[in-house]
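Visitor: I am attaching a structure below and will ask some questions about it afterwards.
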Amino acid sequence: MRLMLRILLLITIFSLLGGSFAMAASPMAPPLQDLVSEALKANPDLQAAGARWHMNQRKVIPAETLDDPQLSFDFSNYPTDSLSGNQTAMTGKDLKLSQKFPFPGKLASKGEIAAQEARWYRDVYQDQRLQLADMVKDAYYRLYFREKAIAITKDNIGIMDDFIRLTETKYEVGKGLQQDVLKAQVERSKLMDKLITLKQQRETDLADLNTLLARPVTTPLGTLPEVSLTPVQASADALQQQSQQKRPLYAAYRALVARFKAQKKLANLDYWPDFKVWAGYRFRENAPGDPVHGQDFMSAGVTINLPVFREKRQQEVAGAESGIRMALQQYDDFRDKVFYGIQDTFAQLTKNRQLTDLYQKGIIPQAEQSYNSALAGYQVGKVDFLTLMDNLLTLFRYRIDYYQALTDYQRNVARLEATSGVTLEPSSASGSGAGK
């Protein structure tokens, strides 16, 4: 019996240290940054956003270019009874060329409107790249947590199997209680239930990541490398201020404001007329009695529209002014949401950093000592089985909580980068932060 207890103690310690009897290691997964790069190249939603930007970029030159000139050719003054070309002196063929010229400044304003719209879609595309990188990292760290939780749960199921055999042996020789056997079996069943749930969640996380990478959802990823905390020396205030230059969607809203300003300028210019310049040439037919014997004629002229419907133009100006106010309000609302997101995420990051340190340096070592002490006391009959079981399950829960805090921290880092547009390196900003 003492030999069995010593073996059990060694197996337990080995499991708690992360040991396993796996026959062969699976291939390593690509580095996280490689996965992000793959998503940026292959994700269809991002590619659609890029195509939408380029599509609108192609509208700038057409918007600031003159309309095509018009060329017409007419048969004029042919008698209806004979359609003869030499019957009357006014019969001939007219060739006419015309070109429309908008009032100075209108074409430039139309080009500016198209250019600012293209800038909006460009910056939206750039912002979607940030958000996609965040989603890839988030799915990656969720998958990492599931794999660690699965490994820990399997370790504890193995320990629970040893406990069941031990309690059954003690019960058979009359030195144990049946309730100890039943308790161990129930706890093992609970662990199996948790393992089944974790495996399902892992499949969902893997499918989520593969979808972002434009891969088949069941594509295996390989073994994820160990994750360490990314040091963050930036302060929340510094990130908020830098976000206004780094986050592409800020520039997108500034482009939207500029677009409506250009629209207002065009609406004001619409009070002035456009011009149409034309020139014509008549090829006259020779007709009896024609004193000039079919002499050709030339003509030219200018046509302008009359902008008399002023209420229509007033409404266009008012609409553009409303657009400017709307865009400015959207800019302010976006800035407030970004500032809130940075502050909230930074607070969560700080909490998870502190929890990670607490679990790693305090709670888990103390829980291991408590469990090992309970296991030693159980061997000599000073600790009952329920106390030993409680210590084991507590240690199990703390180990999983540690990886939850670790991956939540990394997810917070990724979210901060996406929200602020700042790459969080140790020297990215000044001020005290979670990494200090």
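Visitor: Here is a check on your reading of the model: is ASP162 closer than 30 Å to GLN379 by Cα, touching a residue at least 24 places away in the same chain (Cβ under 8 Å), open to solvent by less than 50 Å² (accessible area, probe 1.4 Å) and part of a helix (DSSP H, G or I)?
Guide: Here the answer is yes, as ASP162 does meet what is asked.
Visitor: Just one of the numbered conditions (1) among the aliphatic types (A, V, I, L, M); (2) under 30 Å from ASP161 (Cα atoms); (3) open to solvent by 50 Å² or more (accessible area, probe 1.4 Å) is not true of LEU328; which one?
Guide: Result: LEU328 fails condition (2) only.
Visitor: Restricting attention to segment 261-278, which residues are without any contact (Cβ under 8 Å) to a residue 60 or more places away in the chain and surrounded by 19 or more Cβ atoms within 10 Å (Cβ to Cβ)?
Guide: ALA267
Visitor: With respect to TYR402, determine if the residue is closer than 20 Å to ALA149 by Cβ, crowded, with 22+ Cβ neighbours inside 10 Å and at pLDDT 90 or above.
Guide: In short, no.
Visitor: Report, ordered by the first and then the second residue, all pairs with beta carbons closer than 6 Å, sequence separation of six or more or different chains, a first member in segment 182-198 that is of a type in the set (Lys, Arg), and a second member that is at pLDDT 90 or above.
Guide: Taking only residues 6 or more apart or on different chains, the pairs are LYS194/THR153.
Visitor: Next question. Has segment 186-208 got any residue that is open to solvent by 40 Å² or more (accessible area, probe 1.4 Å), modelled with pLDDT of 90 or more and not in a helix (DSSP H, G or I)?
Guide: no
Visitor: Just give me the residues in segment 53-89 being in a helix (DSSP H, G or I), open to solvent by less than 40 Å² (accessible area, probe 1.4 Å) and without any contact (Cβ under 8 Å) to a residue 60 or more places away in the chain, in sequence order.
Guide: VAL60, ALA63 - these are the residues of segment 53-89 that are in a helix (DSSP H, G or I), open to solvent by less than 40 Å² (accessible area, probe 1.4 Å) and without any contact (Cβ under 8 Å) to a residue 60 or more places away in the chain.
Visitor: On to the next question. Check off (1) touching a Lys or Arg at 6+ places or on another chain (Cβ under 6 Å); (2) closer than 30 Å to ASN86 by Cβ for ASP205 and give me the number that stays unchecked.
Guide: (2)
Visitor: Which one of these does ARG215 not meet: (1) at pLDDT 90 or above; (2) part of a loop (DSSP other than H, G, I, E, B); (3) more than 25 Å from the chain's Cα centre (by Cα); (4) among the charged types (D, E, K, R)?
Guide: Of (1) at pLDDT 90 or above; (2) part of a loop (DSSP other than H, G, I, E, B); (3) more than 25 Å from the chain's Cα centre (by Cα); (4) among the charged types (D, E, K, R), only one is false for ARG215: (3).
The values are calculated or read from the model by the stated rules, or taken from the named source; none is laboratory data. These numbers were taken from a predicted model, which means no experiment stands behind them. Because the Cβ atoms are built from the backbone with ideal geometry, glycine has one as well, and the counts that use them run over all protein chains shown. We work out accessible area using only protein heavy atoms, side chains counted, and drop any ligands, DNA or RNA first. Shrake-Rupley method; radii C 1.70, N 1.55, O 1.52, S 1.80 Å.
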